[in-house]
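This report refers to the structure that appears directly beneath it.
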Amino acid sequence: MSEPLSRRERQIMDILHRLGQGTAADIEAALPDAPSYSAVRAHLRTLEDKGHVRHETEQLRYVFFPTVNPERARKSALRHLVDTFFGGSATEAAAALLDPKSAKLPKADLDRLARLISEARKEGR
């Protein structure tokens, strides 16, 4: 399941994770600038071949489900984002999120981040 996903495949996976399940018609309706119904079905077949979705037949229609749990999907998407836009540097990604010019984080969020950093230091990461 390490095969990279296209932009459209990622959009479809986002929808399936948000909905929990969906038909090709559900996904088509939720996609921005949706391609044809046939194209959505083709993407779903590709995602199934890659092992990212599975389907069940319900009343003569296919209902698709993500095979990867949302936590694992989040980590994979985040890794892809960090690799693509920050040269693989988690530090650069975090710095971009904490830049006061682009983000106004509440004190509670900053406190939580400080605790997480402190815990990571204690664990020697």
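The values are calculated or read from the model by the stated rules, or taken from the named source; none is laboratory data. Keep in mind the model is a prediction, meaning the values are calculated, not measured. Positions of Cβ are backbone-derived with ideal geometry, glycine not excepted, and every protein chain shown enters the neighbour counts.
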Quiz item: Among (1) touching a Phe, Trp or Tyr at 6+ places or on another chain (Cβ under 9 Å); (2) exposed (fewer than 13 other Cβ atoms within 10 Å of the Cβ), where does L60 come up short?
Solution: (1)
Quiz item: What tally of residues in region 68-106 results from selecting those that are under 24 Å from T23 (Cβ atoms) and touching a residue at least 60 places away in the same chain (Cβ under 8 Å)?
Solution: 3
Quiz item: Identify, please: which residue in region 18-40 is farther than 22 Å from N69 by Cβ and charged (D, E, K, R) and is, among those, modelled with the highest pLDDT?
Solution: E28
Self-check item: Tally of residues being at pLDDT below 85, under 30 Å from R10 (Cα atoms) and loosely packed, with under 12 Cβ neighbours inside 10 Å across region 98-124
Solution: 6
Quiz item: Pick from region 1-17 the residues that are assigned to a helix (DSSP H, G or I) and touching a helix residue (DSSP H, G or I) at 6+ places or on another chain (Cβ under 8 Å): which of them is farthest from V53 (Cα to Cα)?
Solution: R8
Quiz item: Of all residues in region 41-56, how many are in contact with a helix residue (DSSP H, G or I) (Cβ under 9 Å, 6 or more places away or on another chain) and modelled with pLDDT of 95 or more?
Solution: 8
